[in-house]
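Q: Starting off with a structure, shown below.
The values are calculated or read from the model by the stated rules, or taken from the named source; none is laboratory data. Everything quoted here is computed from the prediction, not taken from an experiment. Every residue, glycine as well, gets a Cβ built from its backbone with ideal geometry; the counts of neighbours run over all protein chains shown.
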Amino acid sequence: MAALVLLLTVSSGSFFCCARTGKRYEEILPLTCMGIVLILFLFGLLGLLKLGVYAVLALAAALYAGGGYFIWRHKRKEAGGAFLAGMLTPGSVLFVCMFLAFWLLNQGRLASEWDEFSHWMDTAKILTTLDDFGTNPAAFASFPSYPPGMSLFQYFFQKIYLLFHPQAVFNEGLAFAAFQVLFFSVLFPFFKELSFRQPLRLMLTCGVVFLFPLLFFQNIYASVQIDSFLGVLSGAGLAAAFLERKWDWSGSLYVWMLCAVLVLAKASGLLFAVVLAAAYAVSLLWRDSREPAPRKRGRNLLLCGGAALSVALPKLLWTYEVKSAGARMSFTGKVDLARLWQVLMGRDGSYLATVLENWKNAWGSSAIAFGHTGLEGSVSYLMLVVLLTLACLLLWISYVSHAPKRERERERERIPRPAAGVCAGADPGLRIWPVRDVHVQVQRV
């Protein structure tokens, strides 16, 4: 029963928007999942974290009621058909299957890595036990100043499970399932152009989404460490920023929420969020250069301001929470630009030089492991970036050659953007996927 309630909750936004706006299930899914994180964060700041769970459930019920009302109000056959077409998509079917698989296959799974014991699993348990952030002195958290983004989603899963199993204790397997659901949900907007009549494209997309991450993080299905999650959010956002043709409300809200959740996922997520907000602004201003209408320009400036606010506000709120709770700050060292320059010039012999050297070596590593299958490729990360960039360009050329003349002229100006997305998304040190740009281009061929 808990699994059904959770599945219905994360699907509530899609139900409403399919009934009201004609959007597809997979376009709204990540907005709902990230919305749960942000709602719980706001309630947590007020010291009402447990109440936030009931607020999310109440909102989900309201969305179903509102969606049902719109369906009843527009009883025309066409409206019902449009609703079903938006809800019953390859993305929705795949997500339901994926959700159930994660729920079942993670039963009994336990934390096994040092970072999980020291923080990522520990903080989810703290939230579940205390109904409060790790900044609470009673938590005795190892890293109380770490933001709680992913832990809030895991907390929500735990609390719904405990509603139906009050005698149960913290379920580590469920924490893995919650991590994987949020992890993959942000990629589902890239399924929006697929249909059941395109089995080859559907299989290719599934392979990209579920298998390619193993090239960049072997424990993607067996870890709750946050690094891979940062990479996926950043890569998905960059792909959207580089490839989105028209920014509507759902596309902009998607990028804004990605920025906010990046900031709340880990302290270093702030940098990723800034880069994503900048890419989004460039995408909007690029369009301004082609469509200089004053009204559109003012609207795009407001959208850029929304992206900036989605980066700054979560950071300021969490900083306030940490300081007001008197929590101990972790890794508070400021960036010394002069020392950083010395490191880049090879004049610093500290551990920073070793970090830089390891990062350089990662690019040239000639054995990329494919998960824990024992398979290894003989292609380096640098060569992988080159191959994927070429693939993007070839797919773009193929698309343009078959596109109508008007569309062809517009697409000619987009050629630098997919390539830039691949280069930005393939840094092995950041574990960002380069495959989203290839995958979206494949959809358009």
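Q: Given (1) in contact (Cβ under 8 Å) with a residue 24 or more places away in the chain; (2) assigned to a helix (DSSP H, G or I); (3) in contact with a Gly (Cβ under 8 Å, 6 or more places away or on another chain); (4) small (Gly, Ala, Ser), where does Gly67 come up short, assuming only one miss?
A: (3)
Q: Let me ask something else. In the range 125-139, which residue that is in contact with an Asp or Glu (Cβ under 8 Å, 6 or more places away or on another chain) and touching a residue at least 60 places away in the same chain (Cβ under 8 Å) is surrounded by the most Cβ atoms within 10 Å (Cβ to Cβ)?
A: Filtering first and then ranking leaves Phe133.
Q: Scan the range 216-238 and tell me whether some residue there is aromatic (Phe, Trp, Tyr) and over 17 Å from Phe183 (Cα atoms). Break it down stepwise before answering.
A: Step one: of the range 216-238, the residues aromatic (Phe, Trp, Tyr) are 216-217, 221, 229.
Filter once more, keeping what is over 17 Å from Phe183 (Cα atoms): none.
Within the range 216-238, none of the residues are aromatic (Phe, Trp, Tyr) and over 17 Å from Phe183 (Cα atoms).
Q: (1) modelled with pLDDT under 90; (2) more than 19 Å from the chain's Cα centre (by Cα): which one isn't true of Ser268, the others all being true?
A: Only one criterion is unmet by Ser268, namely (2).
Q: Now a separate question. Please indicate, with yes or no, whether at least one residue in the range 140-147 is without any contact (Cβ under 8 Å) to a residue 40 or more places away in the chain, surrounded by fewer than 17 Cβ atoms within 10 Å (Cβ to Cβ) and out of contact with any helix residue (DSSP H, G or I) (no Cβ under 8 Å at 6 or more places or on another chain).
A: Within the range 140-147, one or more residues are without any contact (Cβ under 8 Å) to a residue 40 or more places away in the chain, surrounded by fewer than 17 Cβ atoms within 10 Å (Cβ to Cβ) and out of contact with any helix residue (DSSP H, G or I) (no Cβ under 8 Å at 6 or more places or on another chain).
Matching residues to (1) within 13 Å of the chain's Cα centre (by Cα); (2) touching a residue at least 60 places away in the same chain (Cβ under 8 Å):
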{"residue": "Pro199", "(1), (2)": "no, no"}
{"residue": "Val208", "(1), (2)": "no, yes"}
{"residue": "Leu238", "(1), (2)": "yes, yes"}
{"residue": "Phe242", "(1), (2)": "no, yes"}
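Q: Now for a different question. Among (1) outside the structural domain of Tyr54 (by TED's automatic domain parsing); (2) touching a residue at least 60 places away in the same chain (Cβ under 8 Å), which single condition is Gln180 missing?
A: Only one criterion is unmet by Gln180, namely (1).
Q: Still on this structure: Identify, from the list Leu262, Leu253, Leu258, the residue that is more than 30 Å from Leu84 (Cβ to Cβ) and in a helix (DSSP H, G or I).
A: Details: Leu253 fails: more than 30 Å from Leu84 (Cβ to Cβ); Leu258 fails: more than 30 Å from Leu84 (Cβ to Cβ).
Of Leu262, Leu253, Leu258, the one residue that is more than 30 Å from Leu84 (Cβ to Cβ) and in a helix (DSSP H, G or I) is Leu262.
Q: Do you know which residues across the range 73-88 are part of a helix (DSSP H, G or I) and modelled with pLDDT of 80 or more?
A: In the first step, residues of the range 73-88 are kept if they are part of a helix (DSSP H, G or I); the result is 73, 77-87.
Residues satisfying the conditions are Phe83, Leu84, Ala85, Gly86, Met87.
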